[in-house]
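What follows is one structure encoded as C-alpha cells, with my remarks underneath.
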Amino acid sequence: MQEATKEKFDYIVDRFADLEILRYQVPGFESLPLRQKQLIYHLSEAALKGRDILFDQNCRYNLCIRRVLEAIYKSYPAEQRQDPEFVALETYLKRVWFANGIHHHYAEDKFTPGFSPEFFKAATRQLASTEVPVRPGQSVDDFLEEICPVMFDPTVLPKRTSRVEGQDWIQSSANNYYGEGLTQEEVETFYARMKANDDEAHPRSFGLNSRLVKEKDGTIREKVWKVDGLYSQAIEAIVEELEKAIPFAENEAQKTIIQTLIAYYRSGDLKQFDDYSIRWVEDTTSEVDFINGFIETYGDPLGRKASWEATVNYINKVATQRTKLISDHAQWFEDHSPVDDRFKKKQVKGVSAKVITVAMLGGDCYPSTPIGINLPNADWIRRDFGSKSVTIENITEAYDQAARGNGFRKEFVWSDEECQLIERYGYLTDNLHTDLHECLGHGSGQLLPGTDPDALKSYGSTLEEARADLFGLYYLADPKLVELGLLPDKEAYKAEYYKYLMNGLMTQLVRIEKGKDIEEAHMRDRQLIARWVYEHGKAEQVVEIRQKEGKSYVVIHHYERLRDLFAQLLAEVQRIKSEGDLEAGQRLVETYGVKVDPLLHKEVLARYESLRLAPYKGFVNPIMREIRNERGEVIDIRLDYTESYVDQMLRYSRDYSFLNIYND
Ligand code: ZN
C-alpha cells in the first residue's frame, strides 16, 4: 500500500530559475489521535503567522516589493499574461517568494528582474491607488523613484549578508538587523559592553531577538521583537495561536513549554528564552514537537541576530529505533573513534536523537528547508542539558523520490556498478550519515582545558561541519553498524563514500557561479574533506579523477584505504578544534576548502546545464483544514496535497500578512 501511494504522489510541483518546488507527504497523519492533530493544527497556524517577519528581517524593502508585485500579478489582464515582460515578472515574484525577499536564499546576492523598469512602472501605475504600497503621504511616482533602484540597480543593496574581509560587514549587508548609520565597530562595542556584565557560566544570547538602531542623537539601542515591540502585530497573532494549542498539549511539560514561549514573546527577555530552551530540550517524551521563534543566526554577519523560523513535527517511531540505537551506543562510538584520547569525552551525555515527520514549515524553514536540526544553539545549555537532534525523513524521502530518473547519476557516476550501489543503498546510507553527523558527530570530542571555544574564528563553522561529517563517514564503514543491524551488509557504506566524494570533488560545484570561490560552510567542509583525501591518497591511487570521452569522473579504487584517510583527517580536525589551533585550521580550509579548479568547474556546469535540472529545491506545505460537524465542533483535521506553489504563496500573503509595509 505504501508503495502504491508513493508512485501516485506527485513530488514535483513547479520549476523556475534555479529552483525546483517539491511537495512532501505527511505519512501517518490520518491515524493520529484527534487531540494530537488539533495540537499540530494550531502549532501549524502559528508557524505560518510569522512569515512577514522574515521578509522584513531579510531587507527592509521586501514586504513592499512583494506586495506591489502580487498586486500586479493578480490584476494583470488575462489576454496579456503571455507577454514576455509579464512572464519575467511572474518568475521574479516566484523567486522573491522563495527567497523571502529580493536576495538569493543561498548565494545571498540580489537577483535581477528579467523585465524592464518601464514595464514595472507602467504596470504599477495601472493599479488602483489603494493597491500601491506607498508610505504615508507618498505619491506613486515617488514610490517608484524609491523602489526602482532597489529592484533594478545591481549596485544598490547587492548582498544580503556580507562577510568580505576588509569591508564593514554591517554597512555592506542589505539585511534589516541593524538600522541605518551603524558601523561594525559600534555594534561590536555595544555587545561587548553587554557581555561584560553577564553571568559568565550562563551567558545570554544578546542581540538574538532585536534590531539594533542608532537614533538621530547618536544613542544606540535595541528594538526588541516582541509583543508591543517591533513586529508586534505578527507576534501577537502567533501568541494567540499558541494559546489555542495549549489545551491540546500532550502533557504538563509541553504545556509549560508553550506557556514559557508565550511569556518570552511577550517580554522579549532572553533569560526566559533560555528557560524555554532548557524545557524544550528536556522534553523528550512528547510525540508532537515544534520550533517557533528567533533561532538561527546565519543571516547576521556577526552571528547574533536570529531569523524567525518555525516547524511542526511528530515522531517517526519506526525510524527513530535507528537513531535510538545509535545514541544508546554513543559512548562506544566516542571511545573507539580514531582521535587522540585526550580529545575524547570521558562521558558523552544528552544525545537525544529522533527521526521526525514534518507537518508544517514556516519562516526560515520554508520553502527551502533543512533535513536535520540540532538545537538549542546556546553552548552552555548544550553543555549542561544536551541538545535535541532530529532528522526529517519525509523531506529526505521527497528529495530522493524526486531525484530518481532525472539523469543526474547517469551523467556523473563513473559506471553501472556505482549506480547500482547508490540505487540499492544510497537512501539508507545518506540518512544514516545524517544521523551520525547530527547525533554523534557534533556532540563528540572535547576542548582541552583553557581552549577558547571561538579560537577558530571564521573557520570554526567549516571545521565543525567537517568534524561531524568525518565522524559519520568513518563509522559508516565500521562493522559495528552491520552488527547493530543499521546496515544490511559490509558493502553498503560504499554508496555513501562514492556519493560524498563525487559531490565534494565535483558535483556540488553546480551551486557555484563561474569564477567564484566556495563560501558556505557546509560546502567548504565537503570539498575540504574530498580534496584532502584525494591529495593524500594520490600516491596509492585511492581516489582518481578519470577521463572518459572528454568528461571527468570520480573513481574509488580502495574503499578501505579511503576510510583510513577519513580517520587521519578526523584526528587532525579534532586536534585543531581541541587545541584551538587557528593557524592549522586556516591552512586546512584555505588549501582544500575554498578554491575551485576552474577547468573542472566549467565542465561540471556545462554537463549539469545540459540536464536542465535545478540546483536548489524547496517545498510547498499541505493545506491543513479543520473539519467540523453541524454543531461546529472539530471532528477531524485533514490534509490536502493539491495546492500549487503560486496558489499557496498568494494564500499565505492573503491570510498571514500581519505587518506594515515598513517596520520601524
Ligand atoms: Zn552539522
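The values are calculated or read from the model by the stated rules, or taken from the named source; none is laboratory data. Since the structure is predicted, the reported quantities are computational estimates derived from the model, not experimental observations. Every residue, glycine as well, gets a Cβ built from its backbone with ideal geometry; the counts of neighbours run over all protein chains shown.
From the set of residues in the stretch 287-299 that are over 20 Å from Gln272 (Cβ atoms) and modelled with pLDDT of 95 or more, which is surrounded by the most Cβ atoms within 10 Å (Cβ to Cβ)? Selected residue: Val288.
Only residues that are more than 12 Å from the ligand (Cβ to nearest atom) and under 14 Å from His442 (Cα atoms) were counted in the stretch 384-397, giving 3.
Restricting the search to helices (runs of 4 or more DSSP H) fully inside the stretch 466-553 and requiring at least 2 residues that are buried (at least 23 other Cβ atoms within 10 Å of the Cβ) gives 493-505, 521-536. The condition of being surrounded by 23 or more Cβ atoms within 10 Å (Cβ to Cβ) and either under 19 Å from Ile661 (Cβ atoms) or at pLDDT 95 or above (or both) holds for only one of Arg60, Arg95, Arg81, Arg66, that being Arg66. Do the conditions hold for Gln574, that is, is it crowded, with 18+ Cβ neighbours inside 10 Å and in contact (Cβ under 8 Å) with a residue 12 or more places away in the chain? Yes: the conditions hold for Gln574. Scan the stretch 126-153 for residues that are of a type in the set (Gly, Ala, Ser) and more than 19 Å from Tyr76 (Cβ to Cβ) and jot them down. Within the stretch 126-153, Gly137, Ser139 meet the criteria.
The single condition among (1) in contact with a Lys or Arg (Cβ under 8 Å, 6 or more places away or on another chain); (2) small (Gly, Ala, Ser); (3) surrounded by fewer than 18 Cβ atoms within 10 Å (Cβ to Cβ) that Gly426 does not satisfy is (3).
Yes or no: the stretch 333-348 includes at least one residue that is touching a helix residue (DSSP H, G or I) at 6+ places or on another chain (Cβ under 9 Å), modelled with pLDDT under 95 and either within 16 Å of the ligand (Cβ to nearest atom) or hydroxyl-bearing (Ser, Thr, Tyr) (or both). Within the stretch 333-348, none of the residues are touching a helix residue (DSSP H, G or I) at 6+ places or on another chain (Cβ under 9 Å), modelled with pLDDT under 95 and either within 16 Å of the ligand (Cβ to nearest atom) or hydroxyl-bearing (Ser, Thr, Tyr) (or both).
Just wondering, is there one or more residues in the stretch 87-108 that are touching a Lys or Arg at 6+ places or on another chain (Cβ under 6 Å) and acidic (Asp, Glu)? Scanning the stretch 87-108 turns up at least one residue that is touching a Lys or Arg at 6+ places or on another chain (Cβ under 6 Å) and acidic (Asp, Glu).
Residues are listed down the side, and each one gets a yes or a no for (1) of a type outside the set (A, V, I, L, M); (2) within 12 Å of the ligand (Cβ to nearest atom):
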position: Ile422; (1), (2): no, no
position: Tyr425; (1), (2): yes, no
position: Tyr459; (1), (2): yes, no
position: Leu463; (1), (2): no, yes
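Screening Trp169 on (1) in a loop (DSSP other than H, G, I, E, B); (2) touching a helix residue (DSSP H, G or I) at 6+ places or on another chain (Cβ under 8 Å); (3) farther than 25 Å from Arg524 by Cβ shows it passes everything except condition (3).
For every residue, the table says whether it meets (1) without any contact (Cβ under 8 Å) to a residue 24 or more places away in the chain; (2) over 29 Å from the mean Cα position of the chain (by Cα).
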site: Leu448; (1), (2): no, yes
site: Ser458; (1), (2): no, no
site: Glu464; (1), (2): no, no
site: Asp469; (1), (2): no, no
site: Leu481; (1), (2): no, no
site: Leu486; (1), (2): no, no
site: Lys490; (1), (2): yes, yes
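Let's see how each residue does on (1) within 28 Å of Arg35 (Cβ to Cβ); (2) acidic (Asp, Glu):
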{"site": "Ser267", "(1), (2)": "no, no"}
{"site": "Leu270", "(1), (2)": "no, no"}
{"site": "Asp274", "(1), (2)": "no, yes"}
{"site": "Trp280", "(1), (2)": "yes, no"}
{"site": "Asn292", "(1), (2)": "yes, no"}
{"site": "Thr297", "(1), (2)": "no, no"}
{"site": "Pro301", "(1), (2)": "no, no"}
{"site": "Glu309", "(1), (2)": "yes, yes"}
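The set of residues in the stretch 362-383 being in contact (Cβ under 8 Å) with a residue 24 or more places away in the chain, outside any loop (DSSP other than H, G, I, E, B) and away from the ligand (no atom under 16 Å from the Cβ) consists of Gly362, Gly363, Trp380, Ile381. Within the stretch 214-234, being over 15 Å from Ala263 (Cα atoms), surrounded by 18 or more Cβ atoms within 10 Å (Cβ to Cβ), in contact with a strand residue (DSSP E or B) (Cβ under 8 Å, 6 or more places away or on another chain) and of a type in the set (A, V, I, L, M, F, W, C) holds for one residue alone: Leu230. Beta carbons closer than 9 Å, at least 6 apart along the sequence or on distinct chains, pair a first residue in the stretch 79-95 that is of a type in the set (A, V, I, L, M, F, W, C) with a second that is outside any loop (DSSP other than H, G, I, E, B) and surrounded by fewer than 17 Cβ atoms within 10 Å (Cβ to Cβ) for Phe86/Gln80.
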